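First up is the structure itself, then whatever we jot down about it.
The values are calculated or read from the model by the stated rules, or taken from the named source; none is laboratory data. All of these numbers come straight from a predicted model, not from anything done at the bench. Here the Cβ is made from the backbone with ideal geometry for all residues, glycine too, and neighbour counts use every protein chain on show. Calculation scope for accessible area: heavy atoms of the full protein, side chains included, ligands and nucleic acids excluded. Shrake-Rupley method; radii C 1.70, N 1.55, O 1.52, S 1.80 Å.
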Amino acid sequence: MTDNLSKISIDVIMSCYNCESTILTCIKSILDTKLNIRLLIVDDCSKDSTFKLISSLNDSRIKCYKNSKNLGLSKSLNMLISKSDAKYIARMDADDVVVNSRFEKQFQFLERNNEVDVCGTFAVGHDANGKEVILKRPLLHINLLQKMHIQPPFIHPTVMARAHFFKNNKYNPNFRRAQDWELFSRKMNSYKYQNLSP
């Protein structure tokens with residue numbers, strides 16, 4: 001399996017804005033994988049040292065871009081999707097970290113389940129008291145569909161999808177918030193979704 005993993009390309013797409021306190025930890029966690037991944041980052045006109053920090057990293061797996069003006073998340077992600085030529089495209093946010101071999105598990109699942117187009121996972125968050133909590137979503141497509149009206153089917157920064165999904169279905173640039181909910185609900189009847197538990 002290791003030989004197969006090393007030949008598979010995954011592009012992780014991430015838009016950054018004023019993330020100097022978290023960006024390096026985030027990037028380190030993304031690159032700490034056995035997979036042959038590439039990290040596509042766009043700085044959305046940060047006012048702090050985010051872009052300087054990213055630009056200082058000497059790693060061939062990182063491709064860094066900078067918007068000429070602040071475009072927001074939807075347009076920034078669409079730009080990165082247009083730059084990708086990988087088999088899979090994964091999402092990350094600049095204030096999160098990748099845990100528990102997430103990319104490996106999602107890749108292996110998608111390789112074994114050709115009928116699934118988009119795969120998310122549970123995540124670890126914190127409550128008002130700083131205590132760790134598990135953020136969950138239903139696992140199966142049918143259950144995700146039933147709850148679509150009250151919550152997005154995925155925790156957005158946990159998503160990995162077959163490249164054709166994002167290539168054929170971009171984020172709506174009119175949505176500066178909840179763009180993931182809009183996209184995944186718009187295409188729910190045309191593609192199959194699934195979440196993975198820890």
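Overview of values
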read-out: Probe 1.4 Å, accessible area per residue of the range 48-198, Å²; value: 53
read-out: Max mean-square fluctuation residue, GNM over the chain, Cα-Cα springs under 10 Å, options L145, L77, L39; value: L145
read-out: Quarter of Cα convex hull surface for the range 88-198, i.e. mean projection, nm²; value: 7.4
read-out: Estimated dipole of the range 59-198 in Debye, rounded to 20 [Cβ of Lys and Arg +1, of Asp and Glu -1, Cα centre]; value: 460
read-out: Spacing of the two label points (7 Å from each Cα toward its C-beta) at S190 and D85, in nm; value: 2.5
read-out: The range 88-191: trypsin sites (Lys or Arg not before Pro) in DSSP loop, at most 15 other beta carbons within 10 Å; value: K131, K136, K147, R176, R177, K187
read-out: Inter-probe distance in nm under a simple model that places probes 7 Å from Cα toward Cβ, at N143 and H164; value: 2.8
read-out: Max mean-square fluctuation residue, GNM over the chain, Cα-Cα springs under 10 Å, options H149, H164, H126; value: H126
read-out: Most positive-pole-ward Cα, L73, C19, S49, against dipole of the chain from beta carbon charges; value: L73
read-out: Computed [θ] at 222 nm, helices only, for the chain once each DSSP H run of length n ≥ 4 contributes -39500 (n - 2.57); value: -8500 deg cm²/dmol
read-out: Over the range 4-102: Kirkwood hydrodynamic radius from C-alpha pairwise inverse distances, Å; value: 13.6
read-out: Area projected by the alpha carbon convex hull of the range 96-144, averaged over all directions, nm²; value: 4.3
read-out: Alpha-carbon gyration tensor eigenvalues x 5, square-rooted, for the chain, Å; value: 24, 20, 18
read-out: Charge dipole of the range 78-147 about the Cα centre (unit charges at C-beta), most positive-ward option of N114, N129, V98; value: N114
read-out: Positive-end residue of Q194, H156, L183, charge dipole of the range 149-198 with Cβ unit charges; value: L183
